[in-house]
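A short worksheet on the structure shown next.
A short reminder: the numbers here are calculations on the coordinates, not readings from a lab. These figures come from a predicted structure and were not determined experimentally. Neighbour counts are summed over all protein chains in view; Cβ atoms, including those assigned to glycine, are modelled from backbone coordinates with ideal geometry.
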Amino acid sequence: MERLPSPGPRLVLRELEAGDVPAVHGIYGSEAATEHLSFPPRSLDEVRGIVERSTVSARADPREEYALGVVERATGLLVGFGRLATDPHQQRAATVGFALRPGSWGVGYGRETVGLLLALAFGELGLHRVWAARAPLNTASARTLLAAGFVEEGRIRGHVHVRGAWRDSITYGILREEWAGPPR
């Protein structure tokens, strides 16, 4: 198993545990937190399955997915969910995503979370490229990705079917040589 990146100034990434189901449900079960994600709010049972699959993927060899808890260092509270998944079609590339508990929005946790995921991708895993996608109306995610060093690359039309309709995605990418380093 690869080592997770060093903690950021306020946050740390850690493997999910069975006891995290209620905290993850506070994110993935929230209408506000999932408004711009590629799926509607999840039930408690669906979140339990996500956490179980995350613990299984943590033991895979080779590991292709890092579904991690985002935890406040000071309180130990799980405030987010971060995911890094290697791309089977591209050598040394991965996609990244994140979601935060609505009560933790607006204080820079998104940028720090993305920075920690990039530290995992470029530092621990030695990847070459990371990409992300966001909903067109998710301007907070756009600001977060740009602040973390991503470059907007384009639009995938009709990319995601969610809440009964097709939605576009705006894509972003960052190369290892563009990365400014772990969060400080």
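Which whole-number percent gives the relative contact order of region 1-65, counting Cα pairs below 8 Å spaced six or more residues apart?
About 33 percent, as a whole number.
When the helix-only estimate is applied to the chain (DSSP H runs of n ≥ 4, each -39,500 (n - 2.57), divided by the residue count), what is the mean residue ellipticity at 222 nm, nearest 500 deg cm²/dmol?
Helices in the chain give a 222 nm mean residue ellipticity of -7000 deg cm²/dmol.
Using a 10 angstrom cutoff on alpha carbons, build the Gaussian network for the chain and name the most mobile of 42, 59, 111.
For the chain, modelled as a Gaussian network with Cα springs under 10 Å, the answer is 59.
To the nearest 20 Debye, how big is the dipole of the chain about its Cα centre, given +1 on the beta carbon of each Lys and Arg and -1 on that of each Asp and Glu? Don't jump to the answer; show the numbers that get you there.
Numbers: 22 positive and 21 negative charges, 63 e Å.
Dipole of the chain, to the nearest 20 debye: 300 debye.
Picking from 62, 41, 102, which is most flexible by a Gaussian network model of the chain using Cα springs under 10 Å?
With Cα springs under 10 Å in the chain, the top fluctuation among 62, 41, 102 is at 62.
Using Cα-Cα distances under 8 Å and only pairs 6 or more residues apart, what relative contact order does region 55-119 have, in percent?
On the way: 86 pairs, mean separation 14.6, N = 65.
Relative contact order comes out at 23 percent.
Evaluate the relative contact order of the chain (contact order divided by residue number), counting alpha-carbon pairs under 8 angstrom at least 6 apart; express in whole percent.
21
Using a Gaussian network for the chain with springs between C-alpha atoms less than 10 Å apart, which of these wobbles most: 95, 113, 75?
Comparing 95, 113, 75 in a Gaussian network model of the chain, the most mobile one is 75.
With a/c under 1.5 counting as rounded, go ahead and sort the chain into rounded, prolate or oblate using the C-alpha gyration tensor (a ≥ b ≥ c being the square roots of the eigenvalues; past the cut-off, prolate if a/b is larger than b/c, else oblate).
The shape class here is rounded.
Rounded if a/c is under 1.5, else prolate if a/b is larger than b/c, else oblate: which is region 37-111, with a ≥ b ≥ c the root eigenvalues of its Cα gyration tensor?
prolate
Checking the a/c ratio against 1.5 first, then a/b against b/c, what shape does the Cα gyration tensor give for region 1-50? Write down the numbers at each step before the final one.
Details: a/c = 2.38, a/b = 1.63, b/c = 1.46.
Since a/c reaches 1.5 and a/b is larger than b/c, the shape of region 1-50 is classed as prolate.
Per residue and in cubic angstrom, what volume does the convex hull of the Cα atoms of region 65-104 have?
In region 65-104, the Cα hull volume divided by residue count equals 61 Å³.
Between region 1-70 and region 119-184, what is the C-alpha centre distance in whole Å?
18
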